[in-house]
């Protein structure tokens, strides 16, 4: 019974610790994943925006060379325009979803992109220098607009991710505080459970140890009260039964000793009366003999001492033995008639 209780308490305690630890690990993993995702996404947004800016810068350089009359490298220019279109689509598909306030800027980029591509495409087909200058100027204006929108959108994305990171850090701090409070509660509960377990074991053990000491001092009327229906309760009942048996056995011994003392007192009184009568008759015939009178006085004192011993036997409260010889015990009459038990060494 006690073993089952202890196992139940320990199982509950271990289960509580495991649940709290698993929950803490799961929550911390979630927060750390959010922080890692936010940091990774921020770096990816910055890289994509830088790549788009670099592409636009390269396109502007090509357009500037065309504008000042240098040889046109339209194949490279068209390739850069195609790369810019892919980067723009990737930026919108990957990063614009959690940022609805950036959609107007992205829509403006999407509206400007066809105009930019159309003017760049016209540069590849027109032979008129004046028209080529006009298309170049329009393409440069569109690229400036796209650069501005891309930088604004990149800044908005960075601010949004910064807010997300700050929110994740705040949640992480609150989570750490909550986990610290939970672990303090779990520790307090664990201490209470362990104290309860210690109380279940130490209290009956102390009672049984004290009862054993009192039993060794022949206090057979002492009883142990253990309000537990377990092994300690069985041990307390066994002790109480043993104490009752010893008390009954000691009582039987005292009754037998008292009956013996009554018998000895009766016989001794009869013999003492006759001896005293004879001593008084002998004392009349002493004729003042001092030695004879001293002997008679010693006989009277011995008879009185014998009578006192028998009277004391009738007042015996318990059986206390003492050493008479190396292998023989005898009754310690003086200690046996005392009310309070004397400690046996």
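Read the figures in this text as sums done on the coordinates, not as results from a lab. Predicted model only: the values in this text are computed from it and were never measured. We place every Cβ from the backbone using ideal geometry, glycine too, and count neighbours over all the protein chains shown.
Evaluate E = 1/(1 + (r/R0)^6) for residue 274 and residue 311, where r is the Cβ-Cβ distance and R0 equals 22 Å; express this FRET efficiency to the nearest 0.05.
In this case the efficiency is close to 0.70.
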Return one number: the angle in degrees, 0 to 90 and rounded to the nearest 10, between the long axis of the Cα atoms of helix 103-125 and the longest principal axis of the Cα atoms of the chain. 30
Rounded, prolate or oblate: pick one for segment 198-246, where a ≥ b ≥ c are the square roots of the eigenvalues of its C-alpha gyration tensor, a/c under 1.5 means rounded, and failing that, prolate if a/b is larger than b/c, else oblate. oblate
Plugging the Cβ-Cβ distance of residue 298 and residue 199 into 1/(1 + (r/R0)^6) at R0 = 56 Å yields, to the nearest 0.05, a FRET efficiency of 0.25
Rounded to the nearest 0.05, FRET efficiency between residue 177 and residue 338 (Cβ-Cβ, R0 56 Å) equals 0.25
Can you sort 40, 83 so the residue with the fewest Cβ neighbours within 10 Å comes first? 40, 83
What is the Cα radius of gyration of the chain over 2.2 N^0.38 Å, N being its residue count? 2.75
Could you list log10 I(q)/I(0) for segment 151-262 at q = 0.19, 0.20, 0.24 Å⁻¹, which the Debye formula gives when each Cα is one point scatterer? -0.99, -1.03, -1.19
Where the Cα pairs of segment 244-336 fall when distances are cut into 10 Å bins, in %: 15, 32, 27, 17, 8, 2, 0
The chain: angle of helix 231-284 to the longest principal axis, Cα-based, in degrees nearest 10: 20
For every helix of n ≥ 4 consecutive DSSP H residues, a contribution of -39,500 (n - 2.57) applies; sum these over the chain, divide by its total residues, and give [θ] at 222 nm rounded to the nearest 500 deg cm²/dmol. -30000 deg cm²/dmol
Ordered by packing density, taken as the mean number of other Cβ atoms within 10 Å over each peptide's residues, highest first, how do 153-163, 10-20 rank? 153-163, 10-20
Cα-Cα separations in segment 130-213 greater than 22 Å, expressed as whole percent: 69
